[in-house]
Amino acid sequence: MTSRSFLRLALAGAVASGAVTLAALPADASRPPRTVPVRLLALNDFHGNLEPPTGSSGRMVDEHGDTVDAGGAAYVATHMKALADENTIAVAQGDLIGATPLISAAYHDEPSVEFLGKLGLEVAAVGNHEFDEGYAELRRIMKGGCHPVDGCSPAGEWKGAKFDYVGANVLFKNRHEKTDALAALGGSDSAKVKQALSGWGVPALPPVSIKWMNGVPIGFIGLVTQTTPGIVSSEGIKDLTFVDEVKAANVASKLLRLVGVKAQVVLVHEGDQVNQGQSPDACSAVPGAGNRIATQVDPEIDVVLSGHSHQAYVCTVKDPAGGDRLFSQGGSFGRVITQVDMKVNARTRDIDRASIVADNHVVTRTVTADPEISAFVQTWKDRVAPVANKAVGTITADITNTAAPSGESPLGNLIADAQLAATRTGGNAQIALMNPGGVRASLSHASSPAGEGDGVVTYGEAFTVQPFNNLMQVVTLTGAQLKTVLEQQFTGGPNNQAFTKILQPSANFTYTYTDSAPWGSKVSDMKIDGTPVTDTQTVRVAANNFLVGGGDAFLAFRDGTDVWSGPLDIDAFVDHLGKDNPIAPPATDRITVTG
Ligand SMILES: [Zn+2]
């Protein structure tokens, strides 16, 4: 089924059943209508949630203030069909893939991208997680072909995304790289476009996508958080630079204007936080990085749909010319669809700002799940089941990722122990450090829906904890560099740590930090196996490739030398879960905190 056929079929069905009344033709059919309606249906941060997400990830506060179950591809499809009309363009704001459940991740997210194609998605901004497996892999997802290492999925050769991925602020570091960015503007005056781009970098992705609706072109500008290099593994994006979102949007906006596109929508994978418990339609966003973009991009841009912060909000902000501009986001994991209705003046081809009405719809599960998508998800569930349900170890109690006052969590400590165990031999690791944000879920002692006995951990459960397929690495740091890494856990340093992130240490590494001490002298008393660490000695430190690349603002890791690459983090974890069973939750006593 082709990209838009799903919505078209849905519409045809609705018309046949009398559910939709098509607008009557104007009395004088030769006279063009003054305005044409356009409806956007937007998703963000889907993160491969083909199956209904569980726990708090599967609940949402609705318009009435009630917390309801939400999300799941088959429910997204039902709601999309109900909301779509003949004027609809479906769009998305990134992180559709990456950090996904095993059902999607085991096949490099091809199932999720195929689902989104079936849904009728036409254009999506890239998010930071679209770069999780590197730029080359993102290109493969966009264009098709089998995975270079793992080969074709059970569905056969990957045909490529049925929608356009756009990212105007993703440029090549090397300006001479070949690009299809100009071709993406299709049929435009290439000399003018080249001139507009002079002095600008060479785009690594199509910056914009133009969709025609009712005879008017709508330009979609893709943007991804400029913080992407700090939150994805550096190796896969080493040829790319992520420039200021506002500057890139303004260049793209000019390009669109050059080719006569004045109805302009930004799809940006950056957003703001909200006060919890609010209606998804409330504007409780606390002005941050998203608001900066929404208020500062060119006044020609009419609408800013955002993502990344996984929050739901519908705001009206002021553009630089003082005009009202929509700024919204639709939660995450397929729990919310943002509907934007607007009218485009057919003569000026610009959006009438006053006509814009936006509404966040919660993807409830009280509707009938779409049968086609249910069957599609079940097919992938069946394919992955033998992998997901395999028992990999046993535990004596819940092992949680909840931080103790020291910042350690039992599960974080267990993972650090697993990482040290997996890197001692090949990489000569002496200690391991794990980023807390990478411990994505807790391990539950209770039996899972798969029905295995109490205390059994399945591969699927382990994968939910460690879903990134990061590579384990070992680097040599001096004792002084190791101390700098630990200082970089705290805010206030030159690395601009956004909030305190305590690395989870392996059991043989202990130290003390003093909360009240100034940045740079908080950490003391570092010991490996009880022996004090000196500034000048070397230490082989195991960490995932995200941290080793300087991720999460741990820039001092980049000073590491003699990099050794070992197994995947999930493999290290699964190996460790199979040893010394049953495993008790590790104590959180490796770090001592003093006032
Ligand atoms: Zn993101």
request  = Report the full-extension gain for the segment Arg558 to Thr396: residue separation times 0.36 nm, less the Cα-Cα distance, to one decimal in nm.
outcome  = 54.5 nm
key: Efficiency of FRET between Arg292 and Ala354 - r from beta-carbon atoms, R0 30 angstrom, step 0.05   = 0.75
key: Theoretical FRET efficiency, 1/(1+(r/R0)^6), r = Cβ-Cβ of Val593 and Thr379, R0 60 Å, to 0.05   = 0.75
note = Expected field for Lys211, accessible surface area in Å² at 1.4 Å probe radius, rounded to 10, holds 30
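Just reorder Asp525, Asp85 by solvent-accessible area, largest first, 1.4 Å probe, all chains present. Please list the in-between numbers first.
On the way: Asp525 85, Asp85 40 Å².
Ranked from most to least accessible, the order is Asp525, Asp85.
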note = Contour minus Cα-Cα span, Ser516 to Cys283, at 0.36 nm per residue, comes to 80.2 nm
note = Plugging the Cβ-Cβ distance of Gln273 and Thr536 into 1/(1 + (r/R0)^6) at R0 = 51 Å yields, to the nearest 0.05, a FRET efficiency of 0.75
ask   = Given H placed on each backbone N at 1.01 Å, which residues far from Gln430 in sequence or on other chains put an amide H within less than 5 Å of it?
value = Arg540, Val541, Ala542
ask   = What is the distance in Å between the Cα centres of the stretch 235-259 and the stretch 97-122?
value = 25
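Rounded to the nearest 500, what is the 222 nm mean residue ellipticity of the chain from helices alone, with -39500 (n - 2.57) per DSSP H run of 4+ residues and division by all residues?
Working: 16 runs with 149 residues, N = 595.
One gets -7000 deg cm²/dmol as the mean residue ellipticity at 222 nm.
I want the antiparallel fraction of DSSP beta bridges within the chain, as a percent rounded to 5.
Taking every DSSP beta bridge within the chain, about 65 percent pair in antiparallel fashion.
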query = To the nearest 10 Å², what's Asp352's accessible area with a 1.4 Å probe?
reply = 70
ask   = In sequence order, what are the phi-derived ³J(HN,Hα) couplings for the stretch 95-111 according to the Karplus relation 6.51 cos²θ - 1.76 cosθ + 1.60 with θ = phi - 60°, rounded to whole Hz, with x for glycine and proline?
value = 6, 6, 10, x, 6, 10, x, 4, 4, 9, 5, 4, 10, 6, 6, 4, x
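What accessible area per residue comes out for the chain, rounded to a whole number of Å², with a 1.4 Å probe? Please list the in-between numbers first.
Details: 23360 Å² over 595 residues.
Value returned for the chain: 39 Å² of accessible area per residue.
If Ile231, Ile293 are ordered by their accessible area, calculated over protein heavy atoms with a 1.4 Å probe, which sequence runs from highest to lowest? Don't jump to the answer; show the numbers that get you there.
Details: Ile231 55, Ile293 0 Å².
Solvent-accessible surface, decreasing: Ile231, Ile293.
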remark   = For the stretch 399-439, inverting the pair-averaged 1/r of distinct alpha-carbon atoms gives a Kirkwood value in Å of 10.6
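Over 19 Å between Cα atoms: which of Lys527/Lys579; Lys211/Lys343; Lys81/Lys118; Lys173/Lys254; Lys501/Lys579 fall into that group? If you can, show how the numbers build up before the last one.
Working: Lys527/Lys579 26 Å; Lys211/Lys343 15 Å; Lys81/Lys118 11 Å; Lys173/Lys254 22 Å; Lys501/Lys579 29 Å.
Flagged as over cut-off: Lys527/Lys579; Lys173/Lys254; Lys501/Lys579.
Keeping all protein chains in place and using 1.4 angstrom, which order do Val251, Val224 fall into by accessible surface area, from largest down?
Output order, biggest surface exposure first: Val251, Val224.
Just add up the charged neighbours of Val76: K/R +1, D/E -1, any other residue whose Cβ is under 12 Å from the Cβ of Val76. Don't skip to the answer; put the middle values down first.
Working: positive: Lys81, Lys118, Arg335, Arg365; negative: Glu51, Asp370.
Summing Lys/Arg as +1 and Asp/Glu as -1 gives +2.
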remark   = Cα extents of the stretch 330-402 along the principal axes, largest first, in whole Å, come to 67, 36, 24
ask   = How long are the semi-axes of the ellipsoid equivalent to the stretch 390-593, from square roots of 5 times the Cα gyration tensor eigenvalues, in whole Å, largest first?
value = 28, 18, 15
request  = Could you please state how large a percent of the accessible area of the chain is carbon and sulfur, counting protein chains only and using a 1.4 Å probe?
outcome  = 52
note = Note on the chain: C-alpha Rg/Rh, Kirkwood Rh, two decimals, gives 0.99
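The values are calculated or read from the model by the stated rules, or taken from the named source; none is laboratory data. Computed from a predicted structure; not experimentally measured. Neighbour counts are summed over all protein chains in view; Cβ atoms, including those assigned to glycine, are modelled from backbone coordinates with ideal geometry. Surface areas here come from the heavy atoms of the whole protein model, side chains and all, with no ligands, DNA or RNA. Shrake-Rupley method; radii C 1.70, N 1.55, O 1.52, S 1.80 Å.
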